[in-house]
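Reading through the structure tokens given below for one structure.
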Amino acid sequence: VRCLFYVSDILRQVIENGGQVVAKKRSGKKVPFQMTEEIRGVVRCLPVPVPITQFLAQFNNARDEETMKKLPPTLVTGWLVKKGFLFEKIEPDGHRKRCPTDAGRELGIFMETRQGRHGEYGVVLYDESAQQFLIDNMDTILSGSSAESGVLQEK
């Protein structure tokens, strides 16, 4: 009986695939995030300043979830630190906080104080020009190459 259920399920899959025998996708390791033409076609600058996680959600939602890892915000903010647009400071509670430098503020990165359940906190926001800068430099960010290679595009 189990054998017949198995064969029945296989035949159902073949019928659903239009008569084609299709192997299941392998659930192997996912590749690191890569900027594809499909993703480029979807990602846009948001009209309001947003945190980096909200901006990068567009990239992560456009990727193939089966085969590609998410784009981590730390990759982007780490690159911004290396390039001098953000700096790291240690909060009194020991947490690391990334804040905009003067160059970052000129680019369109700024801090805003918000009220949360546990009191006030600072959030780093990226305006349209900063978002466009990140889109323009995403290949450089992903490759880890430096500004010396001439790939960095200023706004």
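Kindly give Rg over Rh for the chain, based on alpha-carbon atoms, with the Kirkwood expression for the hydrodynamic radius.
Here Rg/Rh amounts to 1.17.
Can you send over the carbon and sulfur percentage of the accessible area for the chain, probe radius 1.4 Å, protein chains only?
C and S fraction of accessible area: 54 percent.
If you build the convex hull over the alpha carbons only and average its shadow over all orientations, what do you get for the range 61-118? Give it in nm² to one decimal.
It is 6.3 nm².
Relative to the present Cα-Cα distance, how much length would full extension add between Gln34 and Thr74 at 0.36 nm per residue of separation?
Result: 12.8 nm gained on full extension.
I need to check one value: relative contact order of the chain, counting alpha carbon pairs closer than 8 Å and at least 6 residues apart, in percent.
After rounding, I find 20 percent.
For the chain, what is the number of Lys pairs with C-alpha distance below 30 angstrom, counting only pairs 8 or more positions apart or on separate chains?
29
State to the nearest 20 debye the size of the charge dipole of the chain about its Cα centre, where the only charges are +1 on K and R beta carbons and -1 on D and E beta carbons.
740
How far apart, in nanometres, would the label points at Thr53 and Cys3 be if each is projected 7 angstrom from Cα along the Cα-to-Cβ direction?
Placing both labels 7 Å beyond Cα along the Cβ direction yields 5.4 nm.
The values are calculated or read from the model by the stated rules, or taken from the named source; none is laboratory data. These figures come from a predicted structure and were not determined experimentally. Because the Cβ atoms are built from the backbone with ideal geometry, glycine has one as well, and the counts that use them run over all protein chains shown. Each accessible area value is taken on the protein alone, full model and side chains, heavy atoms only, with ligands, DNA and RNA left out. Shrake-Rupley method; radii C 1.70, N 1.55, O 1.52, S 1.80 Å.
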